[in-house]
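These notes are about the structure you will find just below.
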């Protein structure tokens with residue numbers, strides 16, 4: 001496999017030296033932008049100041065900028081003669097997490113969750129790295145139009161963390177009000193691999209993601225008299241166990257699937273059997289057929305266990321508004337772009353990896369008929385990764401951890417170069 005990849009890369013061209021020099025010259029400015037974005041995170045659908053910051057930067061570069069697309073989305077267009085239309089996407093939202101990295105640039109920001117409660121906010125999924133790399137790539141391409149020809153559509157997308165941002169931008173005319181792309185690129189950070197390395201998948205890359213709520217109904221009463229009640233806690237526990245057999249006994253083991261109950265809430269006191277409990281479930285799959293089978297199995301299992309317990313039928317809510325479809329990297333685009341990335345960074349630093357069961361709504365642009373490719377950029381120090389592989393080693397903090405702290409400058413440098421390489425692979429002047 002490695003040998004074949006090396007041969008394939010022989011026809012790809014690395015970044016021109018002047019681009020490498022331009023990236024190096026703007027790193028100090030980009031790190032300042034990163035620090036600003038890291039210290040000023042905003043929750044999903046609340047990215048007002050973030051959008052304004054990015055819009056101002058892009059206008060200064062000469063892009064035609066349209067704000068408030070799909071809520072707080074930003075669309076930036078630059079035309080440079082005849083050629084393909086290439087979309088480059090960054091996501092902009094952060095997470096309700098209290099940062100505990102101990103860094104001087106730690107976020108102290110607060111926001112309000114959907115319930116109106118004050119919560120801490122942190123860029124724990126690397127969207128600050130994504131935005132900074134996006135700005136850096138836009139700067140390189142805007143300042144040297146001799147490098148490329150065609151149309152650039154750089155979008156800053158809100159609400160990736162809750163799976164609604166891409167859908168909102170598409171519904172607001174992303175592919176009708178603005179040039180529809182021939183290709184779409186995005187990157188994502190990965191805290192498990194060292195900075196300087198890139199990982200990617202050809203074809204399936206990330207999973208379908210569904211959220212399911214189950215309200216289990218019973219008959220409450222005194223804890224000393226369970227025979228006078230229908231205990232929804234016991235029933236809920238049986239549902240949790242029953243759900244596991246959907247994957248282990250009903251699903252083809254060669255078709256990845258996960259059903260995880262992440263929340264089980266019910267009851268108020270030791271000696272009170274409550275009237276109901278609530279379960280929150282995440283469901284992961286790659287194919288639409290497996291997805292449909294898992295969701296049907298959840299409904300059937302919940303209903304069947306309730307019938308066996310003599311309880312009312314549970315309320316099963318599939319939260320379709322939060323569904324994120326599987327990300328399928330276009331085979332040709334992924335293969336060709338990976339060759340270019342291999343020529344830029346060295347084939348030993350660009351590695352194929354298996355799909356993972358995380359989710360990303362960048363997938364919706366692919367579902368809308370555009371070839372898409374997302375790759376993953378390492379953020380950890382090589383020393384931390386090597387130490388983690390040793391005896392008793394501890395893995396670096398993962399995405400969504402309050403301790404997640406990318407090694408910023410080298411990660412951003414790879415991010416910028418990889419985005420520019422990808423764009424030039426489709427738009428480079430002949």
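Some notes on this structure:
- If you check 394, 370 for being surrounded by fewer than 18 Cβ atoms within 10 Å (Cβ to Cβ) and in a loop (DSSP other than H, G, I, E, B), only one passes: 394.
- The one condition in (1) over 23 Å from residue 409 (Cα atoms); (2) crowded, with 22+ Cβ neighbours inside 10 Å that residue 112 fails to fulfil: (2)
- Qualifying residue in segment 376-390 (condition: in a strand (DSSP E or B) and in contact with a helix residue (DSSP H, G or I) (Cβ under 6 Å, 6 or more places away or on another chain)): yes
- Residue satisfying all of: in segment 141-164; within 19 Å of residue 53 (Cβ to Cβ) and under 25 Å from the mean Cα position of the chain (by Cα); surrounded by the fewest Cβ atoms within 10 Å (Cβ to Cβ) among these: 161
- Cβ pairs under 6 Å, 6+ apart, first in segment 387-398 and closer than 22 Å to residue 100 by Cα, second at pLDDT 90 or above and assigned to a loop (DSSP other than H, G, I, E, B): 397/403; 397/404
- Top-ranked residue of segment 7-31 - restricted to ones that are in a loop (DSSP other than H, G, I, E, B) and surrounded by 16 or more Cβ atoms within 10 Å (Cβ to Cβ), ranked as modelled with the lowest pLDDT: 12
- For segment 222-251, the set of residues classified as over 21 Å from residue 359 (Cβ atoms) and either assigned to a loop (DSSP other than H, G, I, E, B) or outside the structural domain of residue 292 (by TED's automatic domain parsing) (or both) consists of 223, 224, 225, 229, 231, listed by residue number.
- Among the conditions (1) outside the structural domain of residue 355 (by TED's automatic domain parsing); (2) in contact with a helix residue (DSSP H, G or I) (Cβ under 6 Å, 6 or more places away or on another chain), residue 219 misses just one, which is (2).
- Every condition in (1) over 30 Å from residue 178 (Cα atoms); (2) touching a residue at least 40 places away in the same chain (Cβ under 8 Å); (3) touching a helix residue (DSSP H, G or I) at 6+ places or on another chain (Cβ under 7 Å); (4) not in a helix (DSSP H, G or I) is met by residue 411 except one, and the failing one is (4).
- Residues in segment 321-336 that are over 14 Å from residue 366 (Cβ atoms) and touching a strand residue (DSSP E or B) at 6+ places or on another chain (Cβ under 8 Å): 322, 323.
Residue-by-condition table, conditions (1) buried (at least 17 other Cβ atoms within 10 Å of the Cβ); (2) in the same structural domain as residue 125 (by TED's automatic domain parsing); (3) touching a helix residue (DSSP H, G or I) at 6+ places or on another chain (Cβ under 6 Å):
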| residue | (1), (2), (3) |
| --- | --- |
| 259 | yes, no, yes |
| 297 | yes, no, yes |
| 332 | no, yes, no |
| 343 | yes, yes, yes |
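- Filtering 364, 353 for residues that are assigned by TED's automatic domain parsing to the domain that holds residue 141 and surrounded by 22 or more Cβ atoms within 10 Å (Cβ to Cβ) leaves a single hit, 364.
- Residue 242 in contact with a helix residue (DSSP H, G or I) (Cβ under 6 Å, 6 or more places away or on another chain), farther than 21 Å from residue 362 by Cα and surrounded by fewer than 22 Cβ atoms within 10 Å (Cβ to Cβ): yes
The values are calculated or read from the model by the stated rules, or taken from the named source; none is laboratory data. This structure is a prediction, so every number in the text was calculated from the model and none was measured. Cβ: placed from backbone, ideal geometry, glycine included. Neighbour counts: every protein chain shown.
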